[in-house]
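> Provided herewith is a single structure, encoded as structure tokens, for subsequent inquiry.
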Amino acid sequence: MEQPDAALFDGIREKAAQVVARYPQSRSALLPLLHLVQSVEGCVTQAGIAFCAEQLDLSTAEVSAVATFYTMYKRRPCGEHLVSVCTNALCATLGGDDVYARLKERLGVGHEETAGEPGTPGSITLEHAECLAACDLGPVLQVNYEYFDNQTPESALELVEALQRGERPTPTRGAPLTDFKQAELQLAGFFEGRDSDIAGPSASDETVRGARIAAERSWTAPPMPEDAELPPVPEKK
């Protein structure tokens, strides 16, 4: 059996050490370390799994169990951009299924498939997501985990065609758009000169409208009494 090429990750060994140093227990660094590996290959391969296992003194089976559990860790190389369309109940009802169908038809690919050569300019990996936690703005989709709210099949198609042309449209909320590998580097905790990205708008007007109205009208929730009796905590066994 061919051994994974560990030399592929020589350029991130220092970053990997920084990730591990953030945690009292080294194994707690596995999730960001997998994102770091994905920023190199555009997915998590056996080589990436072996690298993470080496850094954390884990078995490859332990790393594989985590890498295959979370959908954010891809087992096949992604395109320059990952387009995730929410097709959970509310978004689907509002048109998310139509958005996904239109993009699937335009790109000629299905779930977790890539239009174009993975990693090359303009290549796009399409996926349907179970929930993107933006029900008040559905249908929504994400590009490299940045939000594009209130989509229609037409607006989503325009967005994808712009990405294929090399453009990077401005997300509805969050940081300016980058590519998938750079987004993975950020998820690992490295912003590479993009620290100002965290200053981008993170909430929509629809999301905070209730809180704003409550503040304007001085509405408050009653505080919990200081002598409130809390239920007992079950004994650990």
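> Relative to the present Cα-Cα distance, how much length would full extension add between Glu130 and Asp57 at 0.36 nm per residue of separation? Before the final figure, lay out the partial values.
Working: separation 73, 0.36 × 73 = 26.28 nm, distance 3.31 nm.
Extra length available between Glu130 and Asp57 comes to 23.0 nm.
> Let me ask something additional. Can you give the percent of C-alpha pairs in region 105-237 whose distance is more than 17 Å? Intermediate results must be reported in sequence, preceding the final value.
Values: 6192 of 8778 pairs.
It works out to 71 percent of all Cα pairs.
> Report, in whole Å, the centroid distance computed from the Cα atoms of region 39-108 and region 131-207.
If you average the Cα positions of each part, the centres end up 16 Å apart.
> To continue, here is another question. With labels modelled as points extended 7 Å from the Cα through the Cβ direction, what inter-label distance (nm, one decimal) is found for Leu8 paired with Lys237?
In this crude label model, Leu8 to Lys237 measures out at 4.5 nm.
> Provide the per residue accessible area, probe 1.4 Å, for region 24-108, rounded to a whole number of square angstrom. Please list the in-between numbers first.
On the way: 3820 Å² over 85 residues.
Value returned for region 24-108: 45 Å² of accessible area per residue.
> Here is a further query. For the chain, what is the convex hull (Cα atoms) projected area averaged across all directions, in square nanometres? Display every interim value, and only then the final one.
Working: hull surface 74.6 nm².
Orientation-averaged projected area of the Cα hull: 18.7 nm².
> A follow-up question, please. Could you give the size of the charge dipole of region 91-146 about its Cα centre, using +1 on the Cβ of each K and R and -1 on the Cβ of each D and E, expressed in debye and rounded to the nearest 20? If you can, show how the numbers build up before the last one.
Details: 3 positive and 10 negative charges, 34 e Å.
With only Lys, Arg, Asp and Glu charged at Cβ, the dipole is about 160 debye.
> How much accessible surface area, in Å² rounded to 10, belongs to the heavy atoms of Asp10 with a 1.4 Å probe?
Surface open to solvent at Asp10 totals about 90 Å².
> Can I ask one more? If r is the Cβ-Cβ distance from Asp195 to Met72 and R0 is 22 Å, what FRET efficiency results, to the nearest 0.05?
Working: r = 22 Å, r/R0 = 1.02.
Rounded to the nearest 0.05, the efficiency is 0.45.
> A further question on this structure: Within straight cross-link reach of Lys74, meaning Cα distance under 17 Å, which lysines are found once same-chain residues fewer than 8 apart are removed?
Partners found: Lys181.
> If you take the charge dipole of region 118-237 about its Cα centre, with +1 on Lys and Arg Cβ and -1 on Asp and Glu Cβ, which of Ala156, Leu126, Ala199 is farthest toward its positive end?
With unit charges placed on the Cβ atoms, the residue in question is Ala199.
> Sticking with this one: So what are the radius of gyration and Dmax for the Cα set of region 154-204, in Å?
12.2, 35
> Is it possible to state the helix-based mean residue ellipticity at 222 nm for the chain, with each DSSP H run of 4+ residues giving -39500 (n - 2.57), the sum divided by total residues, to the nearest 500 deg cm²/dmol? What is it?
Details: 8 runs with 83 residues, N = 237.
When only DSSP H runs of four or more count, the value is -10500 deg cm²/dmol.
> Moving on to the next point. Report the antiparallel proportion of the DSSP beta bridges in the chain as a percent, rounded to a multiple of 5. If you can, show how the numbers build up before the last one.
Numbers: 9 of 15 bridges.
Beta bridges within the chain, antiparallel portion: roughly 60 percent.
> How much length would be gained if the chain were fully extended between Ser28 and Asn150, taking 0.36 nm per residue of separation minus their Cα-Cα distance, in nm to one decimal?
On the way: separation 122, 0.36 × 122 = 43.92 nm, distance 3.62 nm.
Answer, rounded to one decimal: 40.3 nm.
> Where the Cα atoms of region 6-145 are projected onto their three principal axes, how long is each span, largest first, in whole Å?
Extents along the principal axes: 46, 32, 23 Å.
> Going 7 Å from the Cα of Lys181 toward and past its Cβ, which residues in region 79-98 have a backbone nitrogen under 14 Å from where you end up?
The answer is 79-82.
> Explain nothing, just the number: dipole magnitude of region 78-237 about its Cα centre with +1 on each Lys and Arg Cβ and -1 on each Asp and Glu Cβ, in debye rounded to the nearest 20.
Numbers: 13 positive and 28 negative charges, 19 e Å.
Taking the Cα centre of region 78-237 as origin, the dipole is about 80 debye.
> Follow-up question, since we're still on this one. How about the chain: what cysteines have no other cysteine beta carbon under 4.7 Å from their own?
Within the chain, the cysteines lacking a partner Cβ under 4.7 Å are Cys43, Cys52, Cys78, Cys131, Cys135.
> Out of Pro231, Val208, Leu187, whose Cα points farthest toward the positive end of the dipole of the chain (charges: +1 Lys, Arg; -1 Asp, Glu; placed on Cβ)?
The listed residue farthest towards the positive side: Pro231.
The values are calculated or read from the model by the stated rules, or taken from the named source; none is laboratory data. Just so it is clear, the model here is predicted, and its values are computed rather than measured. Every residue, glycine as well, gets a Cβ built from its backbone with ideal geometry; the counts of neighbours run over all protein chains shown. Side chains are part of the model used for accessible areas, which takes the heavy atoms of the whole protein and leaves out ligands, DNA and RNA. Shrake-Rupley method; radii C 1.70, N 1.55, O 1.52, S 1.80 Å.
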